[in-house]
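Below: the structure, in structure tokens.
The values are calculated or read from the model by the stated rules, or taken from the named source; none is laboratory data. This structure is a prediction, so every number in the text was calculated from the model and none was measured. We place every Cβ from the backbone using ideal geometry, glycine too, and count neighbours over all the protein chains shown. Each accessible area value is taken on the protein alone, full model and side chains, heavy atoms only, with ligands, DNA and RNA left out. Shrake-Rupley method; radii C 1.70, N 1.55, O 1.52, S 1.80 Å.
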Amino acid sequence: MAPIVIGHRGAPALAPENTLSGIREAQRAGLDWVELDVMLTRDRVPVIFHDHRLERLTGTNGFVSQTLSDDVVGLSVSGCKSPENTVPTLADALALVVELALNLSLEIKVNRLAHGRTPERWQVATAETVCAVLGTWRPTSKQRIILGSFHAACLHVARERMPQCDRDFKVGRHRRGWRQIVAETTPQILSFDHRYDGPRRIADYAGRVSAVWAYTINDPIAARKLAGRGVSGIYTDRPGPILAGFDRP
């Protein structure tokens, strides 16, 4: 069976990442799933954004967590001027996801307060605020939402506040203590960086969760190889080639 293909931050090969236009392009490319990043502004408004700082994507200086939402929402992303190529709120992104009948993988990003710190209280505050907004969301009966994070505290909050949603524990290159976090937070999914883990590690992951997903794969051959090793979800920036790769016999 072909794996689920998820648009990573929308569809960055087709539109600026984490924007409404990126969500639309993911759906137009034939995807049923889209992944987005959410973090809090200084006044604790959840916005769809990946980086701790604003510079790379908007050309504006500063940390997202130290900037008011009025100064973040609507900033042009990657120099594109269209209203749908600006930083959206979580609420606006959810409305579009419902409109397009997409499934959503939402990563709770805990943006740094300053000096590289991400204290646990900020992790909890971020997850609680995101869950409060999700509590007002009205998806269709067929839509799924998955809450993911690299932070155990966020997954604990997700389990308490949104038990109807599956949880996705994300691991990167430095995965110290991952087995204990899986045991404590009981995620249904574990997502890993495909650059750093081979068949033995993937098998270890698969023995502890219901599904193993991999990020971020833009090569159809690599995607097929991972699927052959039991990976059931592929995050990609380039949905067209990945979908086409699984259409081949």
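The 1.4 Å probe gives accessible areas that order Met1, Met162, largest first, as Met1, Met162. Projecting the Cα atoms of Ala13, Val72, Thr41 onto the charge dipole of segment 1-105 (Cβ charges, centred on the Cα centre) puts Ala13 farthest toward the positive pole. Report, in whole Å, the centroid distance computed from the Cα atoms of segment 180-249 and segment 29-107. That distance is 25 Å. Amide H to amide H, with H built 1.01 Å from N, Ser78 comes under 5 Å of Thr58, counting only residues 5 or more places away or on other chains.
Extending 7 Å from the Cα toward the beta-carbon at both Arg42 and Thr140 defines two label points whose distance is 4.1 nm.
Proximity of backbone amide H atoms, modeled 1.01 Å from N, is registered between Asp166 and Ile145, Leu147 at under 5 Å, excluding neighbours fewer than 5 places apart on the same chain. Calculated accessible area for the chain comes out at 45 Å² per residue, all protein chains present (probe 1.4 Å; ligands, DNA, RNA ignored). Shown in residue order for segment 165-182 are the 3J(HN,Hα) couplings computed by the Karplus curve 6.51 cos²θ - 1.76 cosθ + 1.60 at θ = phi - 60°: 9, 5, 10, 10, 8, 9, 10, x, 5, 9, 10, 4, x, 5, 4, 5, 5, 4 Hz (x for Gly and Pro).
Amide hydrogen proximity for Ala214: with H placed 1.01 Å from N in the peptide plane, the residues at 5 or more positions away or on another chain lying under 5 Å are Phe192, Gly233, Ile234, Tyr235. Which entry in [x] 1.03; [y] 0.96; [z] 1.49 matches Cα Rg over 2.2 N^0.38 Å derived from the coordinates of this structure? The calculated read-out lines up with [y]. Residues in segment 79-95 carry Karplus couplings, in order, of x, 7, 8, 4, x, 8, 10, 10, 5, x, 7, 4, 4, 5, 5, 4, 4 Hz; the curve used is 6.51 cos²θ - 1.76 cosθ + 1.60 with θ = phi - 60°, and Gly or Pro positions show x. The share of accessible area on segment 93-249 that comes from carbon and sulfur is 49 percent, using a 1.4 angstrom probe. With the charge dipole of the chain set up from +1 on Lys and Arg Cβ and -1 on Asp and Glu Cβ about the Cα centre, the Cα lying farthest toward the positive end among the listed residues Val110, Gly198, Ala26 is that of Gly198.
Can you give the helix-only mean residue ellipticity at 222 nm for the chain, where every DSSP H stretch with n ≥ 4 adds -39500 (n - 2.57) and the sum goes over all residues, rounded to the nearest 500 deg cm²/dmol?
Values: 9 runs with 82 residues, N = 249.
Helices in the chain give a 222 nm mean residue ellipticity of -9500 deg cm²/dmol.
The calculated FRET efficiency for Arg201 paired with Arg176, based on their beta-carbon distance and R0 = 22 Å, is about 0.95.
Net length available on complete extension from Glu160 to Lys81 is 24.5 nm, with 0.36 nm assigned per residue and the Cα-Cα distance removed. The three principal axes of the C-alpha atoms in segment 131-243 carry coordinate ranges of 40, 34, 20 Å, sorted with the longest axis first. In order along segment 44-61, the Karplus-derived 3J(HN,Hα) couplings, from 6.51 cos²θ - 1.76 cosθ + 1.60 at θ = phi - 60°, round to 6, 9, x, 10, 8, 6, 9, 6, 5, 10, 8, 4, 4, 9, 10, x, 9, 7 Hz, and Gly and Pro are given as x. With a cut-off of 20 Å on the backbone N, the residues of segment 8-25 near the modelled label site 7 Å out from Arg56 along Cα-Cβ are 8-23.
Within 15 Å, Cβ to Cβ, of Leu14, how many net charges do the neighbouring residues add up to if Lys/Arg are +1 and Asp/Glu are -1?
On the way: positive: Arg9, Arg24, Arg28, Arg238; negative: Glu17, Glu25, Glu35, Glu84, Asp237.
So the environment of Leu14 carries a net charge of -1.
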